[in-house]
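Report on the following structure.
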Amino acid sequence: MPTVSMKVNGDTVSGEVEGRTLLVEFLRDTLGLTGTHVGCDTSQCGACVVHVDGKAVKACTALALACEGQSVTTIEGLAKNGALHPMQEAFRENHGLQCGFCTPGMIMSAVDIVKRNGKKVKEATIRAELDGNICRCTGYHNIVKAIQDGASKM
Amino acid sequence: MHDFNYHRPTKAADAQKLIKKHKDGALMSGGMTLVPTMKQRLAAPSDIIDLTGLGNSGVKVLKTKVTVHAGTTHAEVATDKDLKKAIPSLCALAGGIGDPHVRNCGTIGGSIANNDPAADYPAALVALDATVVTSKRKLSADKFFKGMFETALSRDEIVMAVEFPIPDKSGYAKFPNPASRYAMVGVYVADHGKGNVRVAVTGAGAGVFRQKAMEKALSADFSANAVSGIATKADDLNEDIHASAEYRAHLVGVMAKRAVAGAK
């Protein structure tokens, strides 16, 4: 079986995988990082969003071997020294979740949205940029509020 | 998903050798269509030859033409500053494909090689009269796209770049499927000057096609009014749970008007 090595949340990791092993399977099953969720498994819901070399991608549609040598950040990698990332804090403050299943992907997308659109990102931009993240509980309202709040504190 | 051998060559020549050697293999670029297709077991290649290792990406804007390398992602095309000045409609089109995560991976080369009948890029290539540069030859967009999921590419031929002449004005409007963002109908119009206007339609038929009656009318008068009353025949158009053929035919007219009105 081929071996893959990459950086995950700053640590160099490696493991045996198959050609068909998805990045999300490697993260969850091999590394035990179960914060990245699999919702639809068809690249639509965005619960599996992680950052690969700084870009937000759907880990259910990326091959683990294609990430060889790359740097991956998952939801577990956002908090620093026991303090939540400002975006995580904003989701808590604004109650940007109900069941919480989509939340890891929402937060990873949110951080990416702010990185590309700045701290003063407009509500309409956030709503458009959330195209690839589905929440079936909240109606998005508090998620959008949380992202605006988190953006101002990032 | 069935298992496969994974290859990530760094040179185009090596990629070509690999696909020649592995008769049941498949080339993969961003993988945004191929991976989901394999997951559904609609494709089960023995080998995946991942082209992202070639580093063949980037946009180069010259005086009269633009070259977009095949591995350029939709996100890169959407945000390229020089391209925004040269062909803004192409940036807008790329920014409307899928969602942000898909745009970070999906590439122009992968999209056109797949030739999904509802993909956006084929309309851009045909309306802009683009040239596809492959590992073996150059061919016009008109000759490149063949029909549903079919192109002129041979099995071991790799798309390397797309060359776009810079038009005087161009615009793209699509009616996206609200779930997938694929075009139910998308119309790209391009005014190349001297009475040469091209109108390409995606999403409506088995593959991208030119709406020649509209081209003629717009060549005489490049305004939204000029396409009023020009019907598109519903006979060969797609019909599914999202829209009837007649509805799609109607949308061609509406999208053409919007594309012309928004042309820059």
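Provide a single number: the residues in the range B:238-264 that are over 16 Å from B:Asn177 (Cα atoms) and not β-branched (Val, Ile, Thr).
Qualifying residue count for the region: 10.
Is one or more of the residues making up the range B:152-162 touching a Ser or Thr at 6+ places or on another chain (Cβ under 6 Å) and of a type in the set (S, T, N, Q)?
Checking the range B:152-162: not a single residue is touching a Ser or Thr at 6+ places or on another chain (Cβ under 6 Å) and of a type in the set (S, T, N, Q).
Scan the range A:58-82 for residues that are within 11 Å of another protein chain (Cβ to nearest Cβ), touching a residue at least 60 places away in the same chain (Cβ under 8 Å) and hydrophobic (A, V, I, L, M, F, W, C) and report the count.
3
For (1) aromatic (Phe, Trp, Tyr); (2) within 21 Å of B:Pro100 (Cα to Cα); (3) touching a helix residue (DSSP H, G or I) at 6+ places or on another chain (Cβ under 6 Å); (4) part of a helix (DSSP H, G or I), each residue gets a yes or a no:
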residue	(1), (2), (3), (4)
A:Gly69	no, no, no, no
A:Arg92	no, no, no, yes
A:Pro104	no, yes, yes, yes
A:Ala110	no, yes, yes, yes
A:Ala128	no, yes, no, yes
A:Cys137	no, no, no, no
A:Ile147	no, yes, yes, yes
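Can you pull out the residues in the range B:217-264 that are farther than 21 Å from B:Ser170 by Cα, hydrophobic (A, V, I, L, M, F, W, C) and touching a residue at least 40 places away in the same chain (Cβ under 8 Å)?
Hits for the range B:217-264 are B:Ala243, B:Ala249.
Go through the range A:108-127 residue by residue and tally those that are of a type in the set (Gly, Ala, Ser) and within 17 Å of the chain's Cα centre (by Cα). Walk me through how you get there before you give the answer.
Kept after step one, since they are of a type in the set (Gly, Ala, Ser), are these residues of the range A:108-127: A:109-110, A:118, A:124.
Those still in the list that are within 17 Å of the chain's Cα centre (by Cα) too: A:109-110.
Qualifying residue count, the range A:108-127: 2.
Of the residues that make up the range B:89-100, is at least one at pLDDT 95 or above, more than 26 Å from A:Met108 (Cα to Cα) and assigned to a loop (DSSP other than H, G, I, E, B)?
no
Yes/no per residue for (1) within 13 Å of chain B (Cβ to nearest Cβ); (2) of a type outside the set (S, T, N, Q); (3) free of Cβ contacts under 8 Å to residues at least 60 places away in the same chain:
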{"position": "A:Met1", "(1), (2), (3)": "yes, yes, yes"}
{"position": "A:Val8", "(1), (2), (3)": "no, yes, no"}
{"position": "A:Val13", "(1), (2), (3)": "no, yes, yes"}
{"position": "A:Gly19", "(1), (2), (3)": "yes, yes, yes"}
{"position": "A:Leu22", "(1), (2), (3)": "yes, yes, yes"}
{"position": "A:Asp29", "(1), (2), (3)": "no, yes, yes"}
{"position": "A:Gly32", "(1), (2), (3)": "no, yes, yes"}
{"position": "A:His37", "(1), (2), (3)": "no, yes, no"}
{"position": "A:Thr42", "(1), (2), (3)": "yes, no, yes"}
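Among B:Glu150, B:Glu157, B:Glu163, which is closer than 19 Å to B:Leu27 by Cβ, within 15 Å of the chain's Cα centre (by Cα) and of a type in the set (D, E, K, R)?
When all the criteria are applied, what remains is B:Glu150.
Filter the range B:36-83 for residues that are part of a strand (DSSP E or B) and not acidic (Asp, Glu) and give the result. Outline the logic, then answer.
Let us first name the residues in the range B:36-83 that are part of a strand (DSSP E or B), namely B:47-50, B:59-61, B:65-69, B:73.
If the condition is that a residue be part of a strand (DSSP E or B) and not acidic (Asp, Glu), then B:Ile48, B:Ile49, B:Val59, B:Lys60, B:Val61, B:Lys65, B:Val66, B:Thr67, B:Val68, B:His69, B:Thr73 are the ones that fit.
State the number of residues belonging to the range B:1-49 that are over 25 Å from the mean Cα position of the chain (by Cα) and within 8 Å of chain A (Cβ to nearest Cβ).
Summing the residues that are over 25 Å from the mean Cα position of the chain (by Cα) and within 8 Å of chain A (Cβ to nearest Cβ) in the range B:1-49 gives 6.
The values are calculated or read from the model by the stated rules, or taken from the named source; none is laboratory data. As the structure is a computational prediction, the values presented were derived from the model and not from experiment. Cβ atoms come from the backbone with ideal geometry, glycine included; neighbour counts cover every protein chain shown.
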